[in-house]
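J.: Got a structure for you, questions after.
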Amino acid sequence: MTQSSGRPLRVAMIGYGFMGAAHSVGWRQAPRVFDLPEAVELAVVVGRNEQAVARAAAKWGWAEHATDWREVIARDDIDLVDIVTPGDSHAEIAIAALDAGKHVLCEKPLANSVEEAEAMAAAAERAAERGVRAMVGFTYRRVPAVSLLQDLIARGTIGEVRQVRAAYRQDWLVDPSVPLGWRLQKEHAGSGALGDIGAHIVDLTQFVTGERVTRVSGTVETIIRQRPVLGERSGFTGSATGELGEVTVDDAAIFTGRLDGGALVSFEATRFATGRKNALTIEVSGTDGALAFDLERLNELRYYDRTAPAELQGFTTILVTEPEHPYVSAWWPPGHMLGYEHGFSHQVVDFVTAIAHGTELDPTFADGLAVQRVLAAVEESAAKDSAWVAVDAPVA
Ligand code: SOE
C-alpha cells in the first residue's frame, strides 16, 4: 500500500516526552521545508496523563489528544503511528499498529530484549507484504555529515575499512542527586547507557561501514548503585521523595567488536564522562584514508587522504553546509548551519517518501533487531567476565 488516497498522511504519536517534542518538531518542519510527496497532518498525540498530554498537544501543534493508544490505533483515519514511549511498550504498540495496517516509526532502541525485537521484525515483515512500512528512529543516520560519511565509505573514498572507534559520552549521571527515573530502571529501559546511547554507536558503525558486528567482548558497570526515588514516574527527572532505590541498569559500557569484514571496533557508551555533554564520535580508518565525525561539531566531517602528496597530508575539515551535501539544500543558503533537531525532519522526509513511492527505507526493524542482538551479546560477555560472544545472525 502506498499512500495514494489523496488525503494527507494522518499521524498519531504515542508518548510526548523529550523524544515526543523532537519528533513533533520533525513532523511540523519537514512538510514546510521539503517538498514532500504527501501532505502530513499531526492528528493526535496520546499519553496516559490527560492534562499533561493536552498541554503537549497544544504546545507542539497536534490537533487532538487522547489517553488510550489502542482506541487510536483502531481508528480508520490514522495512517501512521509514531512511538516515542519508553522501551517497555515499544513491542506491544508497534506490533498492534502494524497488524492494524498502520505505518510505524519507532524510537530506538527498538525494544528491551532480543525476543521483543524479533517479534517486531516479524510483524514488520508481515506488514510489508501489505505495503505497510516500519522504521526505527536511529535519527543520527540523517545528520548530513553522517550521511556523507556513509556515502564516502560506500564510494571507496577511504579504501577498505580496517578499524573503527565509536563512542557516545554524556555526563548527566555524575551527579548522585539525579533521581531514579525510568531510564535507570531495567524493567522500563531494558538497559542503561548501553541501550540508550550504545545503540546509536552500534547502529552508526553498522550503517556507515555497511557491515554487521559479529562478535563482542565487553564490560558494563553501574557506578552509582542507589539514587533518590521519584515521587511519581516522570521523564528524565522529577521531584525526589528522600528515599533511595536501586539503579538496575548500567551507567557505562565499554566493548570491543569485530565486523564481518574483519575490522576491529572499539565502543564506549557512558553517562559518566564528566564534562562530555552529548559527545557522539565515530572515526573510521581505511587503507586509503580516514573519516571522523563528532556530534558536538555536527556541521563538520574530518577527512584524511592517505593518497595525497606527503606535504599535504593531515586531517582536513569539510564544512557540510553546501547544496551538494545530503538534505542541506532544502534549508538555508549555502554556508548556513544545521542542528540537533534537523535529523528529525530528515527522518520524516525519508519515511514519508518511502511510504508514498514504495521505495527502500532504512533503518528497518531488521536493522533495529541487529543492534539489539549486539547489545544482548555485550551483556552476555560482561556476565562471562568479558569473554568473546558471537552475535546471533540476524533473521533472513
Ligand atoms: C538521552 O541519553 C538521549 O536523549 C538519548 O535517548 C537520545 O537517543 C540521544 O539522541 C540523546 O541522548
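J.: If I model a spin label as a point 7 Å beyond the Cα along the Cα-Cβ vector, how far apart are those points for D175 and A122 in nm?
T.: Modelled inter-label distance: 4.4 nm.
J.: Among V53, V143, L338, pick out the residue whose Cα is farthest towards the positive end of the charge dipole of the chain, where Lys and Arg carry +1 and Asp and Glu carry -1 on C-beta, about the Cα centre.
T.: L338
J.: Let me ask you something else. Using R₀ = 45 Å, calculate the FRET efficiency as 1/(1 + (r/R₀)^6) where r is the Cβ-Cβ separation of T287 and R48; round to 0.05.
T.: So the FRET efficiency works out to roughly 0.25.
J.: I'd like the distance between the alpha-carbon centres of region 5-56 and region 294-348, rounded to an integer number of Å.
T.: Taking the Cα centre of region 294-348 as reference, the centre of region 5-56 is 28 Å away.
J.: Below 15 Å, Cα to Cα, which aspartates and glutamates can K277 reach? Residues fewer than 8 away in the same chain don't count.
T.: D171, D175, D196, D251, E268, D294, E296
J.: Starting from the Cα gyration tensor of region 1-141, take the square roots of the eigenvalues, sort them a ≥ b ≥ c, and report rounded, prolate or oblate (rounded when a/c is under 1.5, otherwise prolate if a/b is larger than b/c, else oblate).
T.: rounded
J.: Using a 7 Å offset from Cα along Cα-Cβ at A63, what residues in region 24-46 end up with backbone N under 20 Å from the label point?
T.: Zone members listed by number: 24-33, 36-46.
J.: Same structure again: Taking the Cβ of R141 as the center, what net charge do the other residues with Cβ under 10 Å away carry, scoring Lys and Arg +1 and Asp and Glu -1? Could you put the intermediate results ahead of the total?
T.: Values: positive: R142; negative: D203, D350, D362, D367.
So the environment of R141 carries a net charge of -3.
J.: Here's something else I'd like to know. Pull up all non-local amide H partners of V320: gap of 5 or more, or a different chain, and H-to-H distance under 5 Å with H placed in the peptide plane.
T.: E300, L301
J.: Can you tell me how much longer the chain between E243 and W388 gets when fully stretched, taken as 0.36 nm per residue apart minus their C-alpha distance, in nm with one decimal?
T.: This chain segment gains 48.3 nm when fully extended.
J.: By how many nm would the segment from N278 to Q163 lengthen if fully extended, with 0.36 nm per residue of separation less the alpha-carbon distance?
T.: Working it through step by step, the gained length comes to 39.1 nm.
J.: Here's a follow-up. Can you pull the one-decimal nm distance between simple spin-label points at R155 and T317, each 7 Å off the Cα toward Cβ?
T.: 2.2
J.: Could I have the simple spin-label model distance between A308 and R55, label points 7 Å from Cα toward Cβ, reported in nm to one decimal?
T.: Here the answer is 5.2 nm between the modelled labels.
J.: Moving to a separate point now. Quick one: what are the phi-derived ³J(HN,Hα) couplings along region 247-255, Karplus 6.51/-1.76/1.60 with θ = phi - 60°, whole Hz, x for glycine and proline?
T.: For region 247-255, the Karplus curve yields 7, 10, 10, 6, 8, 8, 9, 10, 8 Hz.
J.: Quick one: putting +1 on the C-beta of Lys and Arg, -1 on the C-beta of Asp and Glu, what dipole do you get for the chain around its Cα centre, in Debye to the nearest 20?
T.: Charge dipole of the chain: 460 debye, to the nearest 20.
Rule-based calculations on the coordinates, nothing more; no lab input. In this text the structure is predicted, and so the values were computed from the model without any measurement. Using ideal geometry, Cβ is built from the backbone for each residue, glycine included, and neighbour counts are taken over all protein chains shown.
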